[in-house]
Amino acid sequence: MEIMFIDAKYKGSISLTSACLDHLKRFKSIALFASVQYSHNLETVKKQLKKAGIKVIATRPDRSSVESQLIGCDVYYKNLNLKQEPAAFLQISDGVFHANALLFAQKGLEKPKEVIVFDPIEQEFTMITPESVSQVLRKYKAALMRFLTSDTIGVLISTKLGQEQYEASKRLEKKYPGKKFYYFVDNSINFSSLENFPFIQIWVNSACPRIALEDSISTPRPVINLNDALDAEALLSKKSILTQ
């Protein structure tokens with residue numbers, strides 16, 4: 001079956017309100033991102049920021065097709081491909097799903113940057129902080145600690161295009177030779193079906209990383225992402241918002 005992905009682009013104009021600009025003026029530099037429907041039309045926003053004396057840092061994250069486009073699964077700081085450190089982040093989107101990705105991407109940092117969300121439809125802006133995802137981060141920290149002390153691990157492998165990471169997940173066996181790994185392969189991950197395997201102490205997710213973050217809040221057994229499992233000790237040793 002052939003699959004075609006078509007971006008649904010917003011046709012209206014996008015410009016920041018004076019109230020939003022006044023708030024942003026406290027920052028010398030801003031990393032600008034947008035969800036897919038707005039990422040093609042940011043020139044006015046860039047001009048507004050530059051006119052206000054704010055340096056605009058524009059970059060193309062690893063999984064994006066155009067500059068400044070942010071995908072919800074971009075939850076690792078290095079994947080943002082920032083050439084310079086911004087003073088804050090500005091996310092253009094109607095909702096906080098993508099903006100929360102910018103918070104999760106900063107979980108290994110001691111002092112995360114503020115994330116401002118501007119909704120071009122409602123013409124409103126909000127600020128989100130690590131406190132808004134603190135429940136997720138607390139559970140994730142506990143899950144990382146549980147992983148290091150567990151012997152029987154279930155590894156979730158998705159067959160979806162762009163998410164299959166079976167070969168990459170095999171690195172777990174080399175990194176942790178004392179643990180027993182079982183691999184579960186499916187097109188869709190159903191957390192309720194995982195209860196059929198009570199011998200698994202903790203799950204490692206190799207599909208979309210958001211699964212092990214928000215989706216894991218309601219799961220009886222802990223779930224962590226593959227990249228974090230491979231770097232669990234180092235991540236827990238850092239002084240960061242994750243370990244506070």
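Key figures for this structure:
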{"item": "Test: residue in region 184-194 that is of a type in the set (D, E, K, R), within 13 Å of Leu156 (Cα to Cα), surrounded by fewer than 15 Cβ atoms within 10 Å (Cβ to Cβ) and assigned by TED's automatic domain parsing to the domain that holds Arg171", "result": "yes"}
{"item": "Counted residues, region 61-75 - those being more than 12 Å from the chain's Cα centre (by Cα), under 12 Å from Ala34 (Cβ atoms) and assigned to a loop (DSSP other than H, G, I, E, B)", "result": "4"}
{"item": "Residues (in contact with a strand residue (DSSP E or B) (Cβ under 6 Å, 6 or more places away or on another chain), β-branched (Val, Ile, Thr) and within 15 Å of Ile14 (Cβ to Cβ)) located in region 37-71", "result": "Val56"}
{"item": "Residues located in region 44-60, provided they are at pLDDT below 95 and charged (D, E, K, R)", "result": "Arg60"}
{"item": "So Leu148, is it at pLDDT 95 or above, of a type outside the set (S, T, N, Q), closer than 16 Å to Leu242 by Cβ and crowded, with 16+ Cβ neighbours inside 10 Å", "result": "no"}
{"item": "Every residue from region 24-51 that is more than 20 Å from Phe97 (Cβ to Cβ) and surrounded by fewer than 18 Cβ atoms within 10 Å (Cβ to Cβ)", "result": "Lys25, Arg26, Lys28, Ser29, Glu43, Thr44, Lys46, Lys47, Lys50, Lys51"}
{"item": "Region 15-38, residues that are β-branched (Val, Ile, Thr), under 23 Å from Val66 (Cβ atoms) and out of contact with any Leu (no Cβ under 7 Å at 6 or more places or on another chain)", "result": "Val36"}
{"item": "Qualifying positions in region 1-34 - modelled with pLDDT of 95 or more, among the polar types (S, T, N, Q) and assigned to a loop (DSSP other than H, G, I, E, B)", "result": "Ser15, Thr17"}
{"item": "Residue check, Gln37 at pLDDT 95 or above and not hydroxyl-bearing (Ser, Thr, Tyr)", "result": "no"}
{"item": "Residue count, region 225-244 (criterion: in contact (Cβ under 8 Å) with a residue 60 or more places away in the chain, surrounded by fewer than 20 Cβ atoms within 10 Å (Cβ to Cβ) and among the charged types (D, E, K, R))", "result": "3"}
{"item": "Region 122-144 - residue that is surrounded by 13 or more Cβ atoms within 10 Å (Cβ to Cβ) and of a type in the set (A, V, I, L, M) and, of those, modelled with the lowest pLDDT", "result": "Val133"}
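The values are calculated or read from the model by the stated rules, or taken from the named source; none is laboratory data. Values in this document were obtained by computation on a predicted structure and should not be read as measured data. Neighbour counts run over all protein chains shown; Cβ positions are idealised from the backbone, glycine included.
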